[in-house]
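Asker: Below are the structure tokens for one structure; questions will follow.
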Amino acid sequence: MSERQPVEILLVEDNAHDLELTLRALRKVKLENHIEVARDGAEALDFIFGEGRWHGRSVNEPPKLILLDLKLPKVDGLEVLQKIKADARTRSIPVVILTSSQEQHDVLGSYQLGVNSYIVKPVNVERFFAAVAQLGLYWLLLNQAPAAEDA
């Protein structure tokens with residue numbers, strides 16, 4: 001796996017339509033390179049922690065950004081978030097919840113677990129594209145992340 005480029009975005013999304021829209025929005029602003037897709041929470045955790053089919057992948061090469069849906073099969077998004085933020089090796093990875101849930105307990109629970117941002121997926125396609133493009137540009141190009149050895 002050392003030949004692979006580092007992953008910049010881990011996109012965790014089980015809905016095929018939302019997945020395609022998100023990828024198209026990232027492509028539109030030229031941020032489609034080095035994206036890994038996980039279709040459920042268990043697959044996301046395997047990728048992040050180098051387990052399962054990702055056995056041997058280094059936890060020390062985290063994605064620069066995780067876009068995480070909440071309503072996922074196998075392991076839900078809040079549990080994925082909790083495991084990421086509870087581990088010192090992954091705690092500093094920016095996690096943005098990108099979900100259709102406007103439930104206050106989801107918003108509050110996400111922030112209590114350490115989410116960096118919570119975005120409700122707009123119903124309007126143009127607004128969805130704009131939201132994804134803006135968050136991708138911000139987290140990948142503008143945000144100053146700590147150096148890997150400092151995290």
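Asker: Mind scanning Lys28/Lys83; Lys74/Lys121; Lys30/Lys85; Lys64/Lys85 and naming the pairs with a C-alpha gap bigger than 26 Å?
Answerer: Check vs 26 Å cut-off fails for Lys28/Lys83; Lys30/Lys85.
Asker: Hey, what number do you get for the chain at 222 nm if only DSSP H runs of n ≥ 4 count, each worth -39500 (n - 2.57), divided across all residues, to the nearest 500?
Answerer: Mean residue ellipticity at 222 nm (helix-derived): -11000 deg cm²/dmol.
Asker: Run the numbers for His17 and Leu142: contour at 0.36 nm per residue of separation, minus the present Cα-Cα distance, in nm.
Answerer: Using 0.36 nm per residue and subtracting the Cα-Cα distance, I get 42.2 nm.
Asker: Once you sort the root eigenvalues of the Cα gyration tensor of the chain as a ≥ b ≥ c, which label holds: rounded (a/c under 1.5), prolate (a/b larger than b/c) or oblate (the other case)?
Answerer: Rounded, since a/c falls under 1.5.
Asker: With the contact rule set at Cα under 8 Å and sequence spacing of 6 or more, what percent relative contact order holds for the chain?
Answerer: 25
Asker: Through the Karplus equation 6.51 cos²θ - 1.76 cosθ + 1.60, θ set to phi - 60°, convert the phi angles of segment 93-101 into ³J(HN,Hα) values in whole Hz; use x for Gly and Pro.
Answerer: Values, residue by residue: 5, x, 10, 10, 6, 10, 9, 8, 6 Hz.
Asker: Extending each Cα 7 Å along its Cβ direction at Glu126 and Ala88, get the distance between those two points in nm, one decimal.
Answerer: Going by the 7 Å Cα→Cβ label model, 5.0 nm.
Asker: Kindly rank 129-139, 17-27, 66-76 from highest to lowest mean number of other beta carbons found within 10 Å of each residue.
Answerer: For the peptides 129-139, 17-27, 66-76, the packing ranking is 66-76, 129-139, 17-27.
Bear in mind that the values in this text are calculations on the coordinates, not laboratory data. None of these values were measured; they are calculated from a predicted model. Positions of Cβ are backbone-derived with ideal geometry, glycine not excepted, and every protein chain shown enters the neighbour counts.
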